[in-house]
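Shown next, in structure tokens, is the structure this report addresses.
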Amino acid sequence: MSVNYTRDPNSIRMLMNKLVDKHLYLPEFQRDFTWNIERSVDLFDSIARGIFIGALIESKPKFPLSCREIDNRPRKGRGSRAKLKEFNFKAKDFDNNDHYVLLDGQQRVTSLYRALYGIDDIYFILKKPSELPSVGIEQPDIIEVIDGFSFRKIDDRLCFTVNEIYKNPASKEKVLREGIFDSEWETVKDNPEYVNLEEEYFDCLLNIRHEFNKILDDKTLLSVFLLDMDLEKFCLFFERSNSKGVNLNFTDIITAKVYVGFKLGKEVEKLSEDYTIPINSSIVESIIRYISFLEADKVDKKTILTELEAAHFNKHWELIAKLFDKVHSYLLSDGLVINFSWLNYKTMLIPMAHFLKNLPHQDFSQMTQIQLKYFNFWFYSSLINMRYGGGMAGSTNNVIVEDCKLLESLAINRVITKNEFKKLKIKIDKDELINLTSKGASFNGIMSVLNHKDRFKNWSNTVLVNTSVKIDVHHIFPKKFVSEQFGEESYESENVDTILNKAVIEKLSNQKYGAKAPSIYLTETPLSVNGRMKECLDTHLIPNYEKLVDGSYNTDYKQFISDRFELIYASIKSELLDFQDEILKEN
């Protein structure tokens with residue numbers, strides 16, 4: 001997979017000619033032109049000062065792509081909301097017609113185009129008579145004869161638009177005087193400061209034209225890189241382009257590809273209006289991958305870009321959106337995951353939707369008990385083993401396809417083989433749990449298992465923890481307490497972040513407890529007075545309430561960790577490991 005970035009010498013004038021001659025377009029997936037007029041003024045000020053204005057990235061796509069013209073609409077008023085012309089190019093059009101797409105630099109290029117072609121008025125503001133350079137200076141720089149640029153004319157100053165200068169690069173002096181200068185001179189000729197300076201200011205205008213033309217032909221003020229790569233690298237470029245300052249993503253590309261036959265952007269907006277599942281780029285991308293699985297039995301991006309067409313989206317989009325929404329609702333209503341943000345891998349929605357698609361009536365209520373056990377085991381195994389994060393499980397694309405086929409078999413009651421089940425095998429021991437600290441997939445999976453078995457209760461009252469509001473992962477023994485009690489270099493401090501020292505509670509409660517020992521903050525809660533605190537802690541599998549509140553664990557953190565491991569392991573064993581042993585023994 002070769003990739004080349006060729007630096008193509010370009011001047012601003014060459015770039016503008018490319019646009020006017022219909023050789024340079026914007027891909028449909030690019031965001032709209034958003035720069036305000038002040039940003040455009042600053043851009044021209046940089047150009048006049050000879051400041052490098054950055055690199056642009058162009059490319060010739062290897063696949064069909066919908067493109068649009070550069071934004072030539074007025075900023076406000078009539079026509080400001082007019083639809084821009086769109087072009088549905090085939091792959092061969094880019095080579096045959098020498099078409100390019102601008103991938104990075106739209107705001108700068110559009111600002112240049114709009115000012116140079118008179119859509120936006122940006123003015124050279126000439127200096128006052130008292131500030132003009134000495135007559136003896138030959139060909140002064142533009143910056144020596146102007147105060148700068150503005151988007152409006154200034155009283156008692158000579159002002160010429162960049163468009164007026166740009167469209168008259170080589171016209172005779174008489175044409176320049178009669179067409180541009182004379183009418184502007186009329187605005188200041190009665191001002192005493194300008195007496196006898198008409199010719200001097202006309203010379204300034206000629207100088208501005210000369211220097212501005214040099215700037216427009218200068219090939220050092222910008223760099224244009226021509227992106228030449230195979231399709232797979234092209235996809236990767238888009239996927240990672242945000243880190244390079246290019247606001248693109250993979251979904252944007254497919255949006256442009258199918259634009260003529262399927263308005264993906266509008267359909268995504270409808271998802272947010274019609275369904276409860278939170279819509280973001282990872283959800284949309286997962287829907288697209290599922291369409292690819294149904295059509296091509298593959299979910300990689302190269303397949304999606306080369307094989308998916310608008311007809312495939314029209315065929316599957318509505319059903320898949322409903323399936324995803326049903327999966328989202330089921331995960332929360334059944335409590336399989338603490339909340340949706342705790343589902344680290346949104347690509348897991350793909351096999352779950354496929355499972356649902358193959359159930360009778362496409363409804364989770366139609367699962368048999370054995371299907372339910374298998375489904376839950378697959379779900380938690382995928383999180384705990386981080387199967388969708390690459391690494392040991394292999395390519396995520398392969399895992400998605402394998403799991404779609406596995407869950408389809410489960411939905412239609414085909415027996416899951418021993419080899420298939422072995423890929424899901426969970427291994428948990430005390431050392432692994434002690435070393436599990438971060439809020440990643442394994443952590444979220446285990447906490448979700450515990451909550452699913454016996455829903456966590458709030459520590460301020462006996463109601464269930466409201467996982468739809470802000471929740472925190474609380475250190476049962478706070479870091480500061482452990483550090484002060486045992487020392488920063490102690491075993492206890494090294495293992496204070498373990499999952500065995502954490503509980504999921506509501507954010508406000510966590511803030512209230514601060515760095516206090518549990519023997520203090522637990523006895524301060526209203527529930528400790530009426531004896532209901534133990535009931536809540538039991539749902540979190542926190543051991544020996546009495547030892548916690550009398551301070552016995554304060555000096556024996558190791559024992560607390562060990563006791564809590566036994567409770568958590570027993571819960572995981574009853575929820576998952578016993579079923580795993582049973583299936584592997586049967587097979």
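Quick note: the coordinates plus some simple rules give every number you see, no bench work behind them. Quantities reported herein were computed from a predicted structural model and do not represent experimental measurements. Cβ sites come from the backbone with ideal geometry, for glycine too, and all protein chains shown count toward neighbours.
Select from segment 509-587 those GluC sites (Glu not before Pro) which occupy a DSSP coil region and have at most 13 other Cβ atoms within 10 Å, ordered by residue number.
Numbers: sites: GLU524, GLU535, GLU546, GLU566, GLU575, GLU582, GLU586; in loops: GLU524.
Passing both the DSSP loop test and the Cβ count: GLU524.
Please state, rounded to one decimal and in Å, the Kirkwood hydrodynamic radius that segment 455-587 gives when every pair of distinct Cα atoms enters the mean of 1/r. Let's see the in-between values first.
Working: mean 1/r = 0.0633 Å⁻¹.
Hydrodynamic radius (Kirkwood, Cα only) of segment 455-587 equals 15.8 Å.
Select from the chain the helices, each a whole stretch of DSSP H, whose alpha-carbon atoms run 30 Å or more along the helix axis and whose Kyte-Doolittle mean is at least -0.5; answer none if there are none. Intermediate values should be presented prior to the final figure.
Details: long enough: 310-333 (34 Å, -0.03).
Answer set is 310-333.
Given labels modelled 7 Å from the Cα in the Cβ direction, how far is it in nm from LYS22 to ASP156?
5.1
Which parts of segment 177-191 would a label at ASN213 reach, counting a residue when its backbone N lies under 20 Å from a point 7 Å out along Cα-to-Cβ?
Counting only backbone N, you get 177-182.
On alpha carbon coordinates alone, what is the Rg over Rh value for segment 391-448, Rh being the Kirkwood radius?
1.05
Subtract the Cα-Cα distance of ARG455 and GLU131 from 0.36 nm times their separation in residues, and report this length gain in nm to one decimal.
On the way: separation 324, 0.36 × 324 = 116.64 nm, distance 7.78 nm.
Net length gain for the segment: 108.9 nm.
Assuming R0 = 51 Å, can you tell me the calculated FRET efficiency for the pair LYS302 and LYS172, based on Cβ-Cβ distance, to the nearest 0.05?
Details: r = 57 Å, r/R0 = 1.13.
In this case the efficiency is close to 0.35.
So what is the diffusion coefficient of segment 268-387 in µm² per second by Stokes-Einstein at 37 °C and 0.692 mPa s, using a Kirkwood Rh over Cα pairs? Write down the numbers at each step before the final one.
Values: Rh = 15.0 Å.
In µm²/s, the coefficient is 219.
Looking at (i) 22.9, 72; (ii) 36.3, 122; (iii) 33.4, 106, which value of Rg and Dmax of the Cα atoms in Å comes from a calculation on the structure shown?
(iii)
Looking at segment 368-418, which trypsin sites (Lys or Arg not before Pro) are in a loop (DSSP not H, G, I, E or B) and have at most 12 other Cβ atoms within 10 Å? Write out the running numbers ahead of the final one.
Working: sites: LYS373, ARG387, LYS405, ARG414, LYS418; in loops: ARG387, ARG414.
Those satisfying the criteria are ARG414.
Could you give the distance between the Cα centres of segment 14-85 and segment 252-269, to the whole Å?
Cα centres, segment 14-85 to segment 252-269: 21 Å.
Given labels modelled 7 Å from the Cα in the Cβ direction, how far is it in nm from SER395 to ARG49?
Simple spin-label model gives 5.0 nm for this pair.
Please compute the length gained on full extension between ASN413 and LYS573, using 0.36 nm multiplied by the number of residues separating them and subtracting their Cα-Cα distance.
Going from the current span to full extension adds 55.1 nm.
Quick one: Cα centre-to-centre distance for segment 139-158 and segment 541-587, in angstrom?
Here the two parts' Cα centres lie 77 Å apart.
Gain in length, ILE520 to VAL260, computed as 0.36 nm per residue apart minus the alpha-carbon separation, to one decimal in nm? The partial results should precede the final answer.
Details: separation 260, 0.36 × 260 = 93.60 nm, distance 6.54 nm.
Difference between extended and current length: 87.1 nm.
Check which residues have an amide H placed less than 5 Å from LYS457's amide H, if you skip close sequence neighbours.
Residues meeting the amide H criterion: VAL465, THR539, HIS540.
Return the whole-Å distance between the Cα centroid of segment 169-230 and the Cα centroid of segment 460-512.
Between the Cα centre of segment 169-230 and that of segment 460-512, the gap is 68 Å.
Which FRET efficiency, nearest 0.05, do SER552 and GLU488 yield, Cβ-Cβ r, R0 22 Å?
Numbers: r = 23 Å, r/R0 = 1.06.
With R0 = 22 Å, the Cβ-Cβ based efficiency is 0.40.
For segment 147-212, run through the GluC sites (Glu not before Pro) and keep only the ones in DSSP coil with at most 11 other Cβ atoms within 10 Å of their Cβ. Before the final figure, lay out each step's value.
Working: sites: GLU164, GLU173, GLU178, GLU184, GLU186, GLU193, GLU198, GLU199, GLU200, GLU211; in loops: GLU186.
Of the GluC sites (Glu not before Pro), the ones in loops of segment 147-212 whose Cβ has at most 11 other Cβ atoms within 10 Å are GLU186.
What is segment 132-189 by shape, rounded, prolate or oblate, if you read a ≥ b ≥ c off the alpha carbon gyration tensor as root eigenvalues and call it rounded for a/c under 1.5, prolate for a/b larger than b/c, and oblate otherwise?
Numbers: a/c = 1.37, a/b = 1.08, b/c = 1.26.
The shape class here is rounded.
Okay, helix-only estimate at 222 nm for the chain: each DSSP H run of n ≥ 4 adds -39500 (n - 2.57), divide by all residues, round to 500 deg cm²/dmol; what do you get? Please list the in-between numbers first.
Numbers: 30 runs with 280 residues, N = 587.
The helix contribution divided over the chain gives -13500 deg cm²/dmol.
How far apart, in nm, are the 7 Å Cα→Cβ label points at ALA91 and LEU464?
With each label point 7 Å from Cα toward Cβ, the separation is 5.1 nm.
Distances over 17 Å make up what percent of all Cα-Cα pairs in segment 402-490? Before the final figure, lay out the partial values.
Details: 2744 of 3916 pairs.
Tail fraction, whole percent: 70.
Net charge near LYS174, counting Lys/Arg +1 and Asp/Glu -1 over other residues with Cβ under 15 Å of its Cβ?
Details: positive: LYS172, ARG177, ARG209; negative: GLU173, GLU178, ASP182, GLU198, GLU199, ASP203.
Its environment carries a net charge of -3.
Go ahead and run the numbers for FRET between LYS507 and ILE143, Cβ-Cβ distance against an R0 of 51 Å, rounding to 0.05.
On the way: r = 55 Å, r/R0 = 1.08.
The formula returns an efficiency of 0.40 here.
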